[in-house]
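Q: Here it is, the structure in full.
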Amino acid sequence: MPDEALSRTGVTLRRAGADDAVAGVRPRWVALPESVEEIAAVLRACAEHDLAVVPAGGGTKLHWGHPPERCDVLLDLCCMNEILEHAAGDLVVRVQAGVTMSALAETLAGEGQELALDVPFTEHTTVGGTLATATDGPRAFRHGGARDLLIGITVVLPDGTIARSGGKVVKNVAGYDLGKLFTGSYGTLGVIAEATFRLHPLPADRRWLVAETRAAELSDDLLGALAAAQAEPAAVEIDCLDGRQATLAVLVEGAAAEQRALALRDVLGRGTLTTEPPEWWGLVLNDDLLIELRFPPACAGRVLAEVAGTGFSPRGSSARGRFRLELWGDIEPGALNAAVAGLRERLEPLGGRVVVLATPHDDVDRWGQVSALPLMRRVKERFDPGRRMSPGRFTGGI
C-alpha cells in the first residue's frame with residue numbers, strides 16, 4: 001500500500017490539509033525529508049506506487065503555473081535548511097534547497113558577501129523555489145540571473161537517483177547541464193536538493209538616481225544610453241503605475257558611486273541621488289494576478305508605450321528586458337484572456353513574450369506560443385517518463 005511504502009522510508013509524513021494545496025489541488029500526504037537521501041527514499045516509494053510528487057519550499061509561488069494534473073505527495077523541503085559550506089575566500093556557498101533567501105543573505109552579510117539575486121518575497125522564498133521558478137531581481141542586469149550565479153547543483157530524479165552537476169561533482173547525468181535544465185523547470189524534472197552559488201562582495205557604496213517622468217519620455221534611445229553608460233549601472237528599473245506616469249531608478253554600486261551616479265544624471269538630464277532605493281524597488285506587491293513580459297532591451301521604450309492604456313502596471317528592468325505587470329481590481333476570465341491576447345499581439349512583433357505567472361483563473365493561456373516546446377517535451381520524457389513530477393504544471397502540459 002502507498003501509505004506503508006511511504007512510512008517505510010522513515011521520512012516524517014503527515015496527512016495533507018487545505019493549506020497544502022498546490023494551485024488548488026490538494027495532495028494526500030506531505031513528506032518532510034531532512035537529507036538528500038531521504039528525498040531519494042520518498043521518490044523511490046512514489047515511483048513504486050506511481051504517486052505524483054510536487055516539491056515545495058516556502059510556498060510563495062505554489063500558485064504559479066498550471067494546477068498539477070494530480071498531486072499525491074507534497075515534498076516539503078522546509079527541514080532542509082542548512083548552509084552546508086561557505087568558502088568565503090573563494091566567494092562560494094553551498095546550501096540545502098530549503099534555506100530561505102533572507103537567512104542566506106543574513107549569513108553571507110556577516111562575511112561581507114551576498115548572493116546578488118534580489119528576489120521578491122525574501123522572507124519565505126527558498127533557494128529551491130527561487131531556482132525552480134528562475135526568479136531574480138533588479139541587479140540581474142549586471143550580475144546575471146539564477147542560472148548565471150548557480151555553479152553546482154544536486155538533484156534527485158523521479159526514480160530516486162541522486163545526480164550532481166557542476167561544482168563538487170560526484171555523479172553526472174551524461175550530456176546534460178543539470179543546473180540550467182532544472183532552473184525554471186517548475187519541479188517537473190525532479191527535486192532540487194542542494195545548490196552551490198558564486199557570490200559577490202557587498203558593495204562598498206550605493207547610489208540610486210531617481211526621477212519622476214512621463215512614460216512616453218522613456219525612449220528606446222534614452223534607456224539604452226543609460227544601460228550602456230560608462231558609469232556601469234547595476235540596474236535600471238521602471239515603475240509605471242498607470243501606464244503613463246513613471247518613476248525611473250538607476251542603481252550604481254561600488255567605488256565612486258556618487259560620481260558615477262552624477263554622470264548618469266547628466267545622461268538622463270534630471271533626477272535626485274539617494275542612498276536608499278524607492279519603496280517599490282524589486283518588489284511584487286500583488287501576485288494574485290501577475291504577468292511577466294520578456295523583450296529585447298533595445299525595445300524597452302516601445303514596450304512601455306504598448307502597455308500604456310491596457311490597465312496593467314509595469315514594473316521591472318528595462319536594461320534586462322523584464323517587466324512584471326500587476327492589475328489592481330478584479331477581472332473576468334474572458335476579459336483577462338482578451339487582455340493577454342492583446343498584449344501578445346502588440347509585443348510579439350517587437351520580439352516580446354508574455355507569460356501569466358499567476359492568475360486565479362484556470363482557463364487562461366498562461367504561456368502562449370513556445371518555440372522550444374518539442375525539445376522541452378523530449379527532455380521531460382527523458383527525465384520523467386512516468387509523468388510523476390509536478391505533471392502538467394509547466395508550459396504545454398509538461
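Q: Whether any residue in segment 331-350 is outside any helix (DSSP H, G or I) and at pLDDT below 90 is what I want to check. Break it down stepwise before answering.
A: Filtering segment 331-350 for residues outside any helix (DSSP H, G or I) gives 331-332.
Adding the requirement that they be at pLDDT below 90 leaves 331-332.
The answer is yes; a qualifying residue exists.
Q: Since GLU306 meets every condition but one in (1) touching a residue at least 40 places away in the same chain (Cβ under 8 Å); (2) touching a helix residue (DSSP H, G or I) at 6+ places or on another chain (Cβ under 8 Å); (3) in a strand (DSSP E or B), which condition does it not meet?
A: (3)
Q: What single numbered condition from (1) out of contact with any Ser or Thr (no Cβ under 9 Å at 6 or more places or on another chain); (2) within 25 Å of LEU178 (Cα to Cα); (3) outside any loop (DSSP other than H, G, I, E, B) fails to hold for GLY386?
A: (3)
Yes/no per residue for (1) outside the structural domain of LEU251 (by TED's automatic domain parsing); (2) in contact (Cβ under 8 Å) with a residue 40 or more places away in the chain; (3) within 20 Å of PRO203 (Cβ to Cβ):
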site	(1), (2), (3)
CYS71	yes, yes, no
VAL95	yes, yes, no
VAL99	yes, no, no
SER102	yes, no, yes
ALA109	yes, yes, yes
GLU114	yes, yes, yes
GLY145	yes, no, yes
ARG164	yes, no, no
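Q: I'm told VAL93 meets every condition in (1) surrounded by fewer than 17 Cβ atoms within 10 Å (Cβ to Cβ); (2) in a strand (DSSP E or B) except one. Can you identify the failing condition by its number?
A: Unmet for VAL93, out of (1) surrounded by fewer than 17 Cβ atoms within 10 Å (Cβ to Cβ); (2) in a strand (DSSP E or B): (1).
Q: Sticking with this structure for a sec: Checking the condition of a type in the set (Asp, Glu) and either within 21 Å of VAL340 (Cα to Cα) or in contact with a strand residue (DSSP E or B) (Cβ under 7 Å, 6 or more places away or on another chain) (or both), which residue from ASP365, ASP384 passes?
A: Just a single option satisfies the conditions, and that option is ASP365.
Q: Suppose we filter THR213, THR188 for residues that are among the polar types (S, T, N, Q) and either in the same structural domain as GLU253 (by TED's automatic domain parsing) or at pLDDT below 95 (or both); which single one remains?
A: The conditions single out THR213.
Q: Could you tell me which of the residues VAL36, VAL93, VAL99 is among the β-branched types (Val, Ile, Thr) and farther than 24 Å from GLY282 by Cβ?
A: Only one candidate passes the filter, namely VAL36.
Q: Residues VAL53, VAL42, VAL36: which one is farther than 15 Å from THR126 by Cα, buried (at least 18 other Cβ atoms within 10 Å of the Cβ), more than 23 Å from the chain's Cα centre (by Cα) and of a type outside the set (Gly, Ala, Ser)?
A: Answer to the check: VAL42.
Quick grid of which residues meet (1) free of Cβ contacts under 8 Å to residues at least 60 places away in the same chain; (2) over 26 Å from VAL95 (Cβ atoms); (3) not polar (S, T, N, Q):
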position	(1), (2), (3)
THR9	yes, no, no
ALA21	yes, yes, yes
PRO27	yes, no, yes
PRO33	yes, no, yes
GLU38	yes, no, yes
ALA41	no, no, yes
CYS46	no, no, yes
VAL54	no, no, yes
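Q: Determine which single condition SER371 fails, assuming it passes every other condition in (1) among the hydroxyl-bearing types (Ser, Thr, Tyr); (2) surrounded by fewer than 20 Cβ atoms within 10 Å (Cβ to Cβ); (3) over 30 Å from ARG142 (Cα atoms).
A: (3)
Q: Mind counting the residues in segment 281-303 that are part of a helix (DSSP H, G or I) and more than 29 Å from ASP362 (Cα to Cα)?
A: So in segment 281-303, the residues part of a helix (DSSP H, G or I) come out as 297-303.
Next, from what is left, pick out any that are more than 29 Å from ASP362 (Cα to Cα): 297-302.
Adding up the residues that qualify gives 6.
Q: Right, another one. List every residue pair whose Cβ atoms lie under 7 Å apart, where the two residues are 6 or more positions apart in sequence or sit on different chains, the first residue falls within segment 229-253 and is within 20 Å of ASP136 (Cβ to Cβ), and the second residue, located anywhere, is acidic (Asp, Glu).
A: Cβ pairs passing all conditions: ALA234/GLU253; ALA249/GLU237.
The values are calculated or read from the model by the stated rules, or taken from the named source; none is laboratory data. Here the structure is a predicted model, which is why all the values come from computation and not from measurement. Here Cβ is always computed from backbone atoms with ideal geometry, including for glycine, and neighbour counts include all displayed protein chains.
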